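Below is one structure, written out as structure tokens; comments come after it.
The values are calculated or read from the model by the stated rules, or taken from the named source; none is laboratory data. In this text the structure is predicted, and so the values were computed from the model without any measurement. Cβ placement follows ideal geometry from the backbone for every residue including glycine, while neighbour counts extend to all protein chains displayed. With ligands, DNA and RNA removed, areas are computed over all heavy atoms of the protein, side chains included. Shrake-Rupley method; radii C 1.70, N 1.55, O 1.52, S 1.80 Å.
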Protein chains: 2
Amino acid sequence: MKKITGTLLLLFGMSAFGQSKEDSVQFRKISTEILNNGKGYNELRELTKTIGNRLSGSEAYEKSVQWAAQKLRDAGADKVWLQEVMIPVWVRGKESLQIKTSNGKWKSVKMLSLGNSEGTGGKDLSGEIIMVKSLEEYDRLPAEKVKDKIVFFNYPFSQENVQTFISYRDANPYRRTAASLTAKKGGKFAIVRSLSSAFDDVPHTGNMRYDESISKIPAITIGNTSADELEAVLKNQKVTAKLNSNCGMKGEKLSHSVIGEITGKKDQNIIVVGGHLDSWDVGEGAHDDGAGIVQSIEVLRTFKKLGIQNNHTIRAVCFANEENGTKGGKQYGKMVKENNEKHIFAIESDAGGFSPRGISLEMNEPQRNQIKSWVHLFLPYGVYNFEGKYSGSDIAPLHEMGVPTAELVPDPQRYFDIHHTEEDTFEKVSRRELLLGSTVMTQLIYMIDKNW
Amino acid sequence: MKKITGTLLLLFGMSAFGQSKEDSVQFRKISTEILNNGKGYNELRELTKTIGNRLSGSEAYEKSVQWAAQKLRDAGADKVWLQEVMIPVWVRGKESLQIKTSNGKWKSVKMLSLGNSEGTGGKDLSGEIIMVKSLEEYDRLPAEKVKDKIVFFNYPFSQENVQTFISYRDANPYRRTAASLTAKKGGKFAIVRSLSSAFDDVPHTGNMRYDESISKIPAITIGNTSADELEAVLKNQKVTAKLNSNCGMKGEKLSHSVIGEITGKKDQNIIVVGGHLDSWDVGEGAHDDGAGIVQSIEVLRTFKKLGIQNNHTIRAVCFANEENGTKGGKQYGKMVKENNEKHIFAIESDAGGFSPRGISLEMNEPQRNQIKSWVHLFLPYGVYNFEGKYSGSDIAPLHEMGVPTAELVPDPQRYFDIHHTEEDTFEKVSRRELLLGSTVMTQLIYMIDKNW
């Protein structure tokens with residue numbers, strides 16, 4: 001009996017070993033194909049250089065919809081379609097900020113209105129600046145000290161977290177809530193120090209939200225250098241600011257997410273790989289999230305190119321409107337529910353096209369553990385970290401329906417130097433780093449498709 | 001008895017746990033100090049922007065010697081000195097390459113003479129180009145086919161290795177041996193496709209060596225785009241090349257490595273952390289190896305700043321002449337032998353200032369295993385890979401004497417895009433990535449100093 005058990009174990013072990021060996025060969029085929037022949041980098045050049053930034057509702061976004069559909073067809077998708085979605089339209093327009101210190105001269109400061117913010121309607125809006133270093137300090141300020149003032153929320157992005165997303169989440173409430181907090185105490189507008197890890201003067205825009213019960217006043221952001229200078233001058237001088245801006249919400253519009261799929265050979269269960277097609281209206285949206293788009297398309301292309309027979313349907317989804325509404329993700333979730341589609345897994349790439357280091361897993365423990373048991377296959381590709389328990393916002397609606405979701409975890413050191421800025425350009429993307437991300441996504445989808 | 005053993009195990013376990021907890025707190029202190037207050041990035045800006053590239057023997061190199069000594073003093077080194085070393089002097093001078101196809105017109109091609117190559121003495125040297133794709137193909141060519149020709153070694157840098165250093169080592173023999181191989185069969189000079197992972201036209205210089213028994217003919221390199229174009233045109237046309245260059249060896253010169261140390265509290269055993277101060281004569285030597293220099297200085301500064309009482313003497317060594325002779329490393333090894341200094345560990349950072357991923361360990365198994373047992377401490381800093389078994393060339397003489405040696409392993413995806421080129425500039429270095437490298441070096445030195 002002992003001997004038989006031993007033999008069985010041996011056979012089982014050998015079978016598992018054989019399986020692992022076969023997977024490791026397939027992993028290598030995938031990486032060789034993508035590193036040698038991947039099209040993602042050149043596609044990203046096209047998207048960023050011929051279309052550029054592409055905020056939801058803009059003409060550029062609509063061009064990117066047609067572009068993505070064509071790239072999915074080129075990749076060999078069996079079916080490509082546009083999914084209708086109503087998206088909010090926010091327009092920046094012209095904007096300027098000037099400040100005046102005790103020398104009496106107005107000086108221009110580089111700035112951006114925060115996304116979704118209302119502007120000044122093209123009129124000058126001015127007042128004295130008061131500075132707070134934290135939300136706690138602001139909370140302690142009596143309303144009469146804020147009334148008719150401009151509040152400068154001077155909370156720095158922490159440099160000391162190795163995981164920069166921790167610093168981002170930590171500083172995020174400032175960007176999100178500064179306007180309504182200022183309005184509640186009668187202030188005129190809010191200036192927020194950018195959520196930026198760079199020591200430069202580049203302002204980082206991004207989403208803000210209004211408390212609907214309070215008047216909607218403008219919120220703008222300035223870069224770290226300008227914030228440092230403003231902080232220094234506020235120590236011993238009265239500073240007046242003057243804002244003139246035209247931004248604001250311009251209603252809703254019919255737009256589209258773009259979907260391409262390769263049909264499953266065994267069943268109609270669906271695996272999603274995705275990113276978001278929209279970007280903020282500055283820079284080129286290269287890392288955020290052109291990278292995720294071209295990586296997702298590369299997954300389909302690589303399955304086709306290598307002739308991998310996928311059991312389940314694999315769908316690349318280019319979500320609309322992640323940046324200022326996540327309407328694309330919500331609409332996709334709604335459609336899944338309505339059509340009663342069975343989704344077995346979804347992964348998003350939306351943290352930049354940097355060298356992959358891990359995969360974050362938002363799912364139950366047995367599922368997590370199964371994926372973690374594949375770590376030896378991923379290690380040669382620099383992927384070792386499966387400890388995260390979050391996933392991208394576009395697939396959050398799927399997660400809420402019980403679908404196991406995941407996110408590609410690239411190296412996070414450079415992302416918040418350029419995130420949501422004019423500096424998020426194609427030149428900041430490394431070909432090899434981007435393609436390694438596509439490689440790891442394809443490898444993971446291969447394993448999920450085979451084993452789930 | 002069982003209970004006692006259990007208790008002992010528990011105590012031992014708790015003690016080990018307490019130790020580990022203490023180390024993890026110290027690791028965090030180190031990273032917080034460096035990520036918030038590290039000076040390495042600004043020092044690298046100084047080195048690259050005020051001194052620039054600094055080939056051994058150049059005036060710029062001598063300036064960098066004074067600069068490094070001052071930075072070591074500023075970092076709080078107890079002792080700083082220059083170590084004399086005779087180094088070879090190679091000078092590039094003016095150089096140009098032109099090619100002529102069947103249209104009869106000369107066209108300039110971007111090129112660099114390879115380091116240590118002789119030039120044409122300022123005269124035109126021309127002939128017909130023949131191309132080989134590999135050393136094997138060249139070996140099969142009869143001498144009469146090579147005689148009076150120019151040999152184009154068109155061997156591509158492989159894109160498919162995840163670890164780019166494998167591709168570098170694979171293509172390295174072409175750069176190193178092309179000239180003498182060509183001379184042996186009577187060729188006039190050699191053109192080598194650059195050892196480059198970038199899809200651009202930037203030539204990558206680097207060290208070549210002559211077989212002293214053969215005449216020394218020139219070897220030059222061209223970028224990938226030019227190599228692709230030359231390959232295409234050679235398919236159906238006769239191509240003539242004309243080289244004019246003035247480079248060559250100009251004897252030897254007295255120069256210096258720079259050493260700074262903080263004295264051990266317990267003994268005079270020595271731990272070395274280093275990089276090389278020289279660079280090639282193009283670009284700014286930012287990643288190669290200004291990064292290693294400022295990271296090594298940061299280790300000393302951080303020990304001093306945090307008041308860590310080091311048991312052993314910790315020495316930061318800025319080696320001279322790594323690029324074209326490794327005379328600095330050799331001289332350092334000679335001095336160690338002559339002075340009978342006991343070195344217990346040495347680590348070099350010479351693979352770029354990118355996000356650290358691991359530490360390569362060239363030492364015996366018990367030593368390797370001890371360092372590998374610290375992996376849980378390093379994981380929060382993104383360092384997981386201790387599998388490499390190599391270390392830097394400057395500390396190879398120490399290794400030959402039996403000293404355990406190591407090398408910082410940063411992410412390797414971008415290095416060979418810019419290595420040895422005009423593109424290796426400060427702008428290519430990320431502050432956070434560079435400082436994380438310093439962090440991991442400091443953490444490792446802390447552990448070695450405490451436990452060895």
Taking the stretch B:199-217 as the search range and keeping residues that are surrounded by 16 or more Cβ atoms within 10 Å (Cβ to Cβ) and of a type in the set (S, T, N, Q), which one is farthest from the chain's Cα centre (by Cα)? B:THR205
Would you check if there is a residue in the stretch A:75-91 being of a type in the set (Asp, Glu) and either in contact with a Gly (Cβ under 8 Å, 6 or more places away or on another chain) or within 25 Å of A:THR442 (Cβ to Cβ) (or both)? yes
Do the conditions hold for B:SER196, that is, is it under 25 Å from B:ARG92 (Cβ atoms), open to solvent by less than 30 Å² (accessible area, probe 1.4 Å), within 14 Å of another protein chain (Cβ to nearest Cβ) and not β-branched (Val, Ile, Thr)? yes
Scan the stretch B:413-427 for residues that are at the interface with chain A (Cβ under 10 Å from one of its Cβ atoms) and either of a type in the set (Val, Ile, Thr) or open to solvent by 10 Å² or more (accessible area, probe 1.4 Å) (or both) and report the count. 2
Exception for A:GLU59 within (1) within 23 Å of the chain's Cα centre (by Cα); (2) within 14 Å of chain B (Cβ to nearest Cβ); (3) of a type in the set (Asp, Glu) falls at (2)
Kindly check whether there is at least one residue in the stretch B:265-274 that is surrounded by fewer than 21 Cβ atoms within 10 Å (Cβ to Cβ), among the basic types (Lys, Arg) and under 24 Å from the mean Cα position of the chain (by Cα). no
Subset of the stretch B:297-311 [open to solvent by 10 Å² or more (accessible area, probe 1.4 Å) and more than 25 Å from the chain's Cα centre (by Cα)]: B:LYS304, B:LYS305, B:LEU306, B:GLY307, B:ILE308, B:GLN309, B:ASN311
When the stretch A:153-179 is examined, which residues are found to be of a type outside the set (Lys, Arg), open to solvent by 10 Å² or more (accessible area, probe 1.4 Å) and more than 14 Å from chain B (Cβ to nearest Cβ)? A:TYR155, A:ASP170, A:ASN172, A:PRO173, A:TYR174, A:THR177
Can A:ILE314 be described as of a type in the set (A, V, I, L, M, F, W, C), part of a helix (DSSP H, G or I), within 20 Å of A:GLN83 (Cα to Cα) and open to solvent by less than 30 Å² (accessible area, probe 1.4 Å)? no
Give the stretch A:201-259 a look and list any residue that's of a type outside the set (Lys, Arg), closer than 15 Å to A:VAL151 by Cα and either modelled with pLDDT under 95 or in a loop (DSSP other than H, G, I, E, B) (or both), or say none. A:ILE217, A:PRO218, A:VAL239
Please specify each residue of the stretch B:319-366 satisfying the condition of being more than 27 Å from B:GLY382 (Cβ to Cβ) and among the charged types (D, E, K, R). B:GLU323, B:LYS327, B:LYS330, B:LYS334, B:LYS337, B:GLU338, B:GLU341, B:LYS342
Single condition A:GLY186 does not satisfy, out of (1) buried (at least 20 other Cβ atoms within 10 Å of the Cβ); (2) on the phi > 0 side of the Ramachandran plot: (1)
Among the numbered criteria (1) at negative phi; (2) open to solvent by 10 Å² or more (accessible area, probe 1.4 Å), which single criterion is violated by A:GLY283? (1)
Inspect all residues belonging to the stretch A:93-102 and state whether any of them is modelled with pLDDT under 95 and surrounded by fewer than 20 Cβ atoms within 10 Å (Cβ to Cβ). yes
Of the residues in the stretch A:85-111, those that are within 33 Å of the chain's Cα centre (by Cα) and part of a strand (DSSP E or B) number 15
Of these, A:THR240, A:THR326, which one is in contact (Cβ under 8 Å) with a residue 40 or more places away in the chain, of a type in the set (Ser, Thr, Tyr) and under 23 Å from A:MET363 (Cβ atoms)? A:THR326
Can you tell me which residue in the stretch A:389-412 is nearest to A:HIS276 (Cα to Cα), limited to those that are of a type in the set (Ser, Thr, Tyr) and crowded, with 23+ Cβ neighbours inside 10 Å? A:SER391
Search result, residues across the stretch B:17-66 that are open to solvent by 20 Å² or more (accessible area, probe 1.4 Å) and among the aromatic types (Phe, Trp, Tyr): B:PHE17, B:TYR41
Candidate set: the stretch B:439-452, residues that are more than 13 Å from chain A (Cβ to nearest Cβ) and of a type outside the set (Val, Ile, Thr); chosen: the one surrounded by the most Cβ atoms within 10 Å (Cβ to Cβ): B:MET441
Please count how many residues of the stretch A:325-378 are farther than 30 Å from B:SER355 by Cα and open to solvent by less than 10 Å² (accessible area, probe 1.4 Å). 6
Tell me, please, whether a residue that is of a type outside the set (Lys, Arg), part of a helix (DSSP H, G or I), free of Cβ contacts under 8 Å to residues at least 24 places away in the same chain and within 14 Å of chain B (Cβ to nearest Cβ) can be found in the stretch A:373-383. yes
Criterion first (at pLDDT 95 or above, over 17 Å from B:LYS235 (Cα atoms) and in contact with a Leu (Cβ under 8 Å, 6 or more places away or on another chain)) does B:SER117 satisfy it? no
Quickly run through the stretch A:127-152 and pick out the residues that are open to solvent by 50 Å² or more (accessible area, probe 1.4 Å), within 21 Å of A:ILE214 (Cβ to Cβ) and touching a Leu at 6+ places or on another chain (Cβ under 9 Å). A:ASP139
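How about the stretch B:46-73: which of its residues are touching a residue at least 40 places away in the same chain (Cβ under 8 Å), over 12 Å from B:ILE293 (Cα atoms) and not aromatic (Phe, Trp, Tyr)?
B:LYS49, B:GLY52, B:ASN53, B:ARG54, B:LEU55, B:SER56, B:GLY57, B:SER58, B:GLU62, B:ARG73, listed by residue number.
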